[in-house]
1. Is it the case that Arg89 is at pLDDT 90 or above and more than 18 Å from Gly34 (Cβ to Cβ)?
2. Which residue, of Ala122, Ala50, Ala40, Ala64, is among the aliphatic types (A, V, I, L, M), in contact (Cβ under 8 Å) with a residue 40 or more places away in the chain and touching a Pro at 6+ places or on another chain (Cβ under 6 Å)?
3. Give me a count of the residues in segment 95-107 that are farther than 18 Å from Leu32 by Cα and in contact (Cβ under 8 Å) with a residue 24 or more places away in the chain.
4. May I ask you to verify whether Leu32 is among the hydrophobic types (A, V, I, L, M, F, W, C) and in a loop (DSSP other than H, G, I, E, B)?
5. Please determine whether any residue of segment 8-24 is of a type outside the set (Phe, Trp, Tyr), in contact (Cβ under 8 Å) with a residue 12 or more places away in the chain and over 27 Å from Ile136 (Cα atoms).
6. Every residue in segment 22-57 that is more than 22 Å from Gln10 (Cβ to Cβ) and surrounded by 13 or more Cβ atoms within 10 Å (Cβ to Cβ), please.
7. Would a scan of segment 70-86 turn up a residue that is modelled with pLDDT of 90 or more, of a type outside the set (Lys, Arg) and farther than 28 Å from Gln138 by Cβ?
Amino acid sequence: MNKKRPRSPQIVNRSARFNYSLEEEFVVGLSLSGPEVRAARLGHVQIKGAYATIRSDELWLIGASFSLNTQGKDDKTVDDRTRRLLAHRKQIDDLAAAKKQGFTIVPTKLLTDGRYIKLVIALGKGKKLWDKRETIKQRDLERESRR
């Protein structure tokens, strides 16, 4: 019997596209506990300002915060510990080579629709202030042309 789950809210790092010029994307898994999975499915996750790094040949997510329910219904605690990302060895090697070239590994989206919780990470180069101004200008021009 195939039960339909209610659609999970999308968790997107909108500031990643503004602060970085993004290149190649990878889909990786997350090593989470039960309450963290529940928080992710409910949309109580913040990945703005988070990034991934490579330590001892493993990929780690730093700066993502999960709002976990404790004993009480309205009682929440924010957990922002470092979490392990699950990726293939070739993906980790590609990411390590890109980091040596000056790229940053930025989480862009958390996928919670399927059975597993996945994270979409992208290689990004940090934008300068004038690049960000150019992005704002282009966005305004597009908005005006649509009107």
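1. So Arg89 fits the description; yes.
2. After applying the criteria, what remains is Ala50.
3. 8
4. Against the criterion (among the hydrophobic types (A, V, I, L, M, F, W, C) and in a loop (DSSP other than H, G, I, E, B)), Leu32 qualifies.
5. First, pick out the residues of segment 8-24 that are of a type outside the set (Phe, Trp, Tyr): 8-17, 19, 21-24.
Imposing the further condition that a residue be in contact (Cβ under 8 Å) with a residue 12 or more places away in the chain reduces the set to 8-17, 19, 21-24.
Of the ones still in play, those that are also over 27 Å from Ile136 (Cα atoms) are 8.
Yes, some residue in segment 8-24 is of a type outside the set (Phe, Trp, Tyr), in contact (Cβ under 8 Å) with a residue 12 or more places away in the chain and over 27 Å from Ile136 (Cα atoms).
6. Listed by number, the residues that qualify are Thr53, Ile54.
7. Yes: segment 70-86 contains one or more residues that are modelled with pLDDT of 90 or more, of a type outside the set (Lys, Arg) and farther than 28 Å from Gln138 by Cβ.
The values are calculated or read from the model by the stated rules, or taken from the named source; none is laboratory data. Since we're looking at a predicted model, the values are computed, not measured. FYI the Cβ positions are ideal-geometry reconstructions off the backbone, even for glycines, and counts take in every protein chain you see.
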